[in-house]
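Following: one structure in structure tokens, then a few remarks.
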Amino acid sequence: KTTACFLIGLQHLPILDWYTASMHHDFDLDAYCKRIGYDGPKTPRLETLCEIHRRHPQAIAFENLNPLLHWPVPLDAPSLQQKLVTQRRGGYCYEPNLLLKHALESIGFKVTGLAARVLWNQAANAIRPRTHMLLQIDIEDAMWIADVGFGGLTLTAPLRLVEHTPQATPHEPFRVTR
């Protein structure tokens, strides 16, 4: 039985791909892995994605103090690593998901940034702005979504991008709908 359902509208963010592609040389994968407690293989396989996705939100909390305090929220790789890895703070949506994007691409995954319309506690036909970010990961001829930055509803596992199919996660089943 599916007990939770995300309703999101997805759109590819090509500008994000260009922006983050130039940042990988600044990313310290070993420090990231140490921060989330991951010491497994660094190979672009589904098992690796699942374990990193499970560990990331356990180690890096959802936090939105910077916007609340009107402090800047830089999204470049060195700033993300400084805040989320070195200072051991958390971040909101874009920060943990971009950090995860850098980590996965450093391992060799093909990752695409997506913008989403969050329809949680909204009518199914509501048209909301695209204010959330999540990731699409292409693995073994299948598309998966990962989201480690959705606060109390953060996924604990990636979801295969197939509609209406309940998918087990460490917390509860989820399904993707249009």
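Read-outs throughout are calculated quantities, based only on the coordinates presented, and are distinct from any laboratory measurement. Just so it is clear, the structure is predicted and the values come from calculations on it, not from any experiment. Please note: Cβ atoms are built from the backbone with ideal geometry, for glycine as well, and neighbour counts cover all protein chains shown.
Beyond 20 Å in Cα-Cα separation lie the following of the pairs Lys42/Lys83; Lys42/Lys101; Lys34/Lys83: Lys42/Lys83. So if each residue of separation counts as 0.36 nm, and I subtract the Cα-Cα distance between Met143 and Ala31, what length gain in nm does that give? Gain on extension, Met143 to Ala31, equals 37.6 nm. Scalar couplings 3J(HN,Hα) for the stretch 107-112, obtained by applying the Karplus form with A = 6.51, B = -1.76, C = 1.60 to θ = phi - 60°, are 6, x, 6, 8, 10, 10 Hz; x denotes Gly and Pro. Applying 1/(1 + (r/R0)^6) with r as the Cβ-Cβ distance of Ser79 and His171 and R0 = 35 angstrom yields a FRET efficiency of 0.70. A Förster radius of 41 Å, combined with the Cβ-Cβ distance separating Leu46 from Ala123, puts the computed FRET efficiency at roughly 0.75. The order of the peptides 90-100, 136-146, 53-63, 157-167 by mean Cβ neighbours within 10 Å, most packed first, is 90-100, 53-63, 136-146, 157-167. With equal scatterers on the alpha carbons only and no solvent term, can you work out the Debye log10 of I(q)/I(0) for the stretch 29-167 at 0.13, 0.18, 0.22 1/Å? Cα-only, vacuum Debye calculation for the stretch 29-167: -0.55, -1.04, -1.48. The HN-Hα couplings worked out from phi for the stretch 45-51 by the Karplus form 6.51 cos²θ - 1.76 cosθ + 1.60 (θ = phi - 60°) are 10, 4, 4, 5, 4, 4, 6 Hz, whole numbers, x standing for Gly and Pro. Each Cα pair under 8 Å and six or more residues apart adds its sequence gap; the mean of these over the residue count of the stretch 125-165 is a relative contact order of 28 percent.
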